[in-house]
Amino acid sequence: MSQQLHGRLDRRTLLRGSLAGAALLSFSGALAACGAPGSDSDNTGGGTKSDSNPFGMAEDATVDVVIFDGGYGFDYVEFAAGVAGKEFADADFKVSATTEIATELQPRFVGGTPPDLIDNSGADLIGFSSIADQLEELDDVFEAESYEGVKIADTLYPNVKDPGTFSDRFVAINYVMTIYGVWYSASLFAENGWTPPKTWDEALELGAKAKAKKKYLWVWGTEAATYYRTLVIDSAAKEGGDEVRLALENLEKGAWSHPVIQGILEKLGEMVSKDMFIPGGAGTQFTAAQAKWSNDQQALLYPTGGWIENEMKDVTKEGFEMTGIPEFVLSDSPALPYETIRAAAGESFIVPSKAKNPAAGKEMLRAMLSKEAATNFAKTKLAPTIVKDTVPADGFGSAALKSQSAMLDAAGENTFNYQFYDYYGTNADELVVWNSFLSGDLDVKGLTKAVQGIFDKIADDSSIEKLKIT
């Protein structure tokens, strides 16, 4: 979503506040009934297995791929399909995109006709709690020989299986190394003599300086209100350590009432009450809101992931120097150093066992993990993948990409992640709550009660298999 760092979700929690998380989870029973678990799919690839065709994909296969059309777009998968096409000239790779993964694909799971490969990302993703047992295990992808003739596992960053492993089954390859942080314009800060804040109190002081310049500290858009949830949780995980993070991950009663979380929420609530947010975010489409920061420079800061530069490249002020810093801490003595970041693999790709051609879905993943495709992604999307040695020292001229490398270097082993939002699929429900809070219509007490209620509903539902994180 960094389990280590992770999550899209929260792997990037983009889009679609219109779906209720409860409705999302209600599909769980129907989905569970329609497919057998595991990697031993009844479907064969139709071809002969070999080092150059490790999954036995038919030479003339038709490959059905559906991609979440968010901050990274989907052309990088089309590029990877072209790479695969060099190996399988007679195959037909069909890549389509949507912003509503669950809405469009849950019926296909229920009907037994899911695509061969899915990018299960965005706010409207399918909660892994409802489909994990209907997905191919993907260990064989990492064990396969790459297009460059080496074992794929040997070309990847460590621990990249973690975000996609549920109940000891590796069922999702998270393709992008996502760094979460707070983003700002280095050129604007230099021009005004501002120092990027490290604590919440320093951020409040910066907010006062912003108002003196007739600017705001923050901005948000309706589909991305939960970016501030991510900021709060990541900050709390640093300030309070495992005690706070694990309480949230394990859906403990009263987790949101922990003093560290409450302290951070009080600071954020103070910023709301002091009009440090550009007003009207709940009625503003998220990229339009982000442009008020990246292009109009009405706001100084924005909490998001490393996809932000690519997402806003067409509406970013020339010379903006987009730069990331670690999320704030609450005190001078946090449990984890300020330099700690949430960083890990995100953007979950899955292969349904009941797809027409799971072997083809795995072959597409093999193509995406080639050095050619991974380098193309880093260069065109300005974010690293899980494939090592694909980003040059100059970050392809990207200030944002260079700052991500600097954040990773400074953090060292001090990284974390979590997967419970992706797993339980609560983002849509929480968007309503966080939009109300950032608008000033809900105070800290009301927000705490609402988000804890969402947690408790899942915790008390015996039909939902729970993650147990230690």
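The values are calculated or read from the model by the stated rules, or taken from the named source; none is laboratory data. This one's a predicted model, so the numbers in the text were calculated from it and none came from an experiment. All Cβ positions, glycine included, derive from the backbone under ideal geometry; neighbour counts span all protein chains shown.
Considering every residue within segment 213-227, establish whether at least one is crowded, with 23+ Cβ neighbours inside 10 Å and in a strand (DSSP E or B). Scanning segment 213-227 turns up at least one residue that is crowded, with 23+ Cβ neighbours inside 10 Å and in a strand (DSSP E or B).
One line per residue, one yes/no per condition, for (1) of a type in the set (Lys, Arg); (2) in contact with a helix residue (DSSP H, G or I) (Cβ under 6 Å, 6 or more places away or on another chain); (3) surrounded by 19 or more Cβ atoms within 10 Å (Cβ to Cβ):
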| residue | (1), (2), (3) |
| --- | --- |
| 80 | no, yes, yes |
| 106 | no, no, yes |
| 115 | no, no, yes |
| 137 | no, no, no |
| 158 | no, no, no |
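If you go through segment 155-198 one residue at a time, how many are over 19 Å from the mean Cα position of the chain (by Cα), in a helix (DSSP H, G or I) and either of a type in the set (Asp, Glu) or under 23 Å from residue 233 (Cα atoms) (or both)? Result for segment 155-198: 1.
Of the helices (runs of 4 or more DSSP H) entirely within segment 375-446, those holding at least 3 residues that are within 28 Å of residue 128 (Cα to Cα) and at pLDDT 90 or above occupy 427-438. A single entry from 35, 29 fulfils the requirement of being more than 25 Å from the chain's Cα centre (by Cα), surrounded by 14 or more Cβ atoms within 10 Å (Cβ to Cβ), at pLDDT below 50 and within 19 Å of residue 110 (Cα to Cα): 35.
Does residue 236 qualify as being at pLDDT 95 or above, outside any loop (DSSP other than H, G, I, E, B), buried (at least 21 other Cβ atoms within 10 Å of the Cβ) and in contact with a Phe, Trp or Tyr (Cβ under 7 Å, 6 or more places away or on another chain)? Let's see the steps before the verdict.
Values: at pLDDT 95 or above: yes; outside any loop (DSSP other than H, G, I, E, B): yes; buried (at least 21 other Cβ atoms within 10 Å of the Cβ): yes; in contact with a Phe, Trp or Tyr (Cβ under 7 Å, 6 or more places away or on another chain): no.
Here the answer is no, as residue 236 does not meet what is asked.
Taken across segment 362-385, residues that are of a type outside the set (Phe, Trp, Tyr), in contact with a strand residue (DSSP E or B) (Cβ under 7 Å, 6 or more places away or on another chain) and over 20 Å from residue 147 (Cβ atoms) do occur, with at least one present.
Scan segment 447-470 residue by residue and report those that are among the hydroxyl-bearing types (Ser, Thr, Tyr), in contact with a Phe, Trp or Tyr (Cβ under 8 Å, 6 or more places away or on another chain) and not in a helix (DSSP H, G or I).
The initial filter retains those residues of segment 447-470 that are among the hydroxyl-bearing types (Ser, Thr, Tyr), namely 448, 462-463, 470.
Now restrict to residues that are in contact with a Phe, Trp or Tyr (Cβ under 8 Å, 6 or more places away or on another chain): 448.
Across segment 447-470, there are no qualifying residues.
Among the residues of segment 276-285, at least one is assigned to a loop (DSSP other than H, G, I, E, B) and either in contact with a Phe, Trp or Tyr (Cβ under 7 Å, 6 or more places away or on another chain) or farther than 22 Å from residue 432 by Cβ (or both).
For residue 251, the conditions (1) assigned to a helix (DSSP H, G or I); (2) of a type in the set (A, V, I, L, M, F, W, C); (3) surrounded by 18 or more Cβ atoms within 10 Å (Cβ to Cβ) are fulfilled apart from (1). Candidates are the residues of segment 53-78 that are surrounded by fewer than 22 Cβ atoms within 10 Å (Cβ to Cβ) and acidic (Asp, Glu); the one that is farthest from residue 366 (Cα to Cα) is 69. Could you please let me know if residue 130 is crowded, with 21+ Cβ neighbours inside 10 Å, part of a loop (DSSP other than H, G, I, E, B), in contact with a Gly (Cβ under 8 Å, 6 or more places away or on another chain) and of a type in the set (Ser, Thr, Tyr)? No, not satisfied. Summed over segment 453-470, the residues that are modelled with pLDDT of 95 or more and under 22 Å from the mean Cα position of the chain (by Cα) give a count of 3.
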